[in-house]
C-alpha cells in the first residue's frame, strides 16, 4: 500500500513513519476478527456515539455520574466543533485512501483534513472525563486506544494523525477537568 503524495512538503518527514506503521499493521487487515473489532470501533466512534452511550449508562448511577454525563456530552460537542471546523482548517492532509476505494465494510468517510484524527481526540478526551468518575479508568483508556487505532486499520487516518488526535484529546481532557471540576 502506498500513500498518495501529500500537498507541499509539510508532511514528508512524517510520511516514512506513517508508511512503517501501515506496513506493520497490514497483516491485521483482512483478518475477520480484527476487521470486525476495528470497523465496529470506527463506526461507534462516529459523532462520539460510543462515548455518549457510556456516559449515559454511567449517569444512571446518579450524583457525580449524572454531572459527568452533562460535562462529557458538552465537552465532546465543543471538541467536535473545535477540531473539525477550526483545527483541521489549518491543515490540508490527504487521507490514506480516497473515499471511492473499496473497503470490506461500509464506513462514513469524513470530508475534512486527515490531521488530526477527530476519533482519536474524542476517544482520549472521553477516556479522561469518564475515567474520572469511576474507580477503574483502564477500560476507558483501552476503548479509546481501540477506537483511535481503528482509524489506522480502516485507512481513514495516518498513524501520525491518530497520535496528534490522542495528544490533543489528552490536553483538552485535562483542560476540561480544570475548568469544570467534577466535584464529589
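Quick note: the coordinates plus some simple rules give every number you see, no bench work behind them. What you see is a predicted model; the values in this text were computed from it and never measured. Ideal geometry is used to build each Cβ from the backbone, glycine not excepted, and the neighbour counts take in all protein chains shown.
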Across the Cα atoms of the chain, what radius of gyration and what greatest pairwise Cα-Cα distance (Dmax) are found, in Å?
-> 16.6, 51
Additional length obtainable on full extension of the chain from residue 80 to residue 141, 0.36 nm per residue less Cα span | 20.0 nm
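I need to check one value: relative contact order of the stretch 25-184, counting alpha carbon pairs closer than 8 Å and at least 6 residues apart, in percent. Don't skip to the answer; put the middle values down first.
Values: 220 pairs, mean separation 46.7, N = 160.
Reported as a whole number, the value is 29 percent.
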Using the 10 angstrom Cβ neighbour count as an exposure proxy, how do 35, 46 rank, fewest first?
-> 46, 35
For the Cα atoms of the chain, what angle does the longest principal axis make with the long axis of helix 159-179, in degrees from 0 to 90, nearest 10?
-> 20
Cα centroid of the stretch 119-184 to Cα centroid of the stretch 18-47, whole Å = 18
Listed with the fewest Cβ neighbours within 10 Å leading, 153, 119 appear as 153, 119
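Mind giving me the FRET efficiency for residue 23 and residue 92? R0 is 30 Å, r the Cβ-Cβ distance, nearest 0.05 is fine. Before the final figure, lay out each step's value.
Working: r = 25 Å, r/R0 = 0.82.
Computed FRET efficiency for residue 23 and residue 92: 0.75.
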What are the extents of the Cα atoms of the stretch 118-168 along their three principal axes, listed from largest to smallest and rounded to whole Å?
-> 34, 18, 11
Is it possible to state the helix-based mean residue ellipticity at 222 nm for the chain, with each DSSP H run of 4+ residues giving -39500 (n - 2.57), the sum divided by total residues, to the nearest 500 deg cm²/dmol? What is it?
-> -19500 deg cm²/dmol
Max mean-square fluctuation residue, GNM over the chain, Cα-Cα springs under 10 Å, options 27, 158, 65 | 27
With r as the distance between the Cβ atoms of residue 66 and residue 178 and R0 = 35 Å, compute the FRET efficiency 1/(1 + (r/R0)^6) and round to 0.05.
-> 0.95
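As an exercise, use a Förster radius of 22 Å and the Cβ-Cβ distance of residue 170 and residue 112 to find the FRET efficiency, rounded to the nearest 0.05. Spell out each step's value before the answer.
On the way: r = 21 Å, r/R0 = 0.95.
Rounded to the nearest 0.05, the efficiency is 0.60.
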Viscosity 1.306 mPa s, temperature 10 °C: Stokes-Einstein D of the stretch 8-57 from its Kirkwood Cα radius, in µm² per second?
-> 119
For the residues 132, 26, 79, what sequence is obtained by ranking on other C-beta atoms within 10 Å, fewest first?
-> 26, 132, 79
Cα-based Rg and Dmax for the stretch 85-184, in Å, come out at 14.8, 50
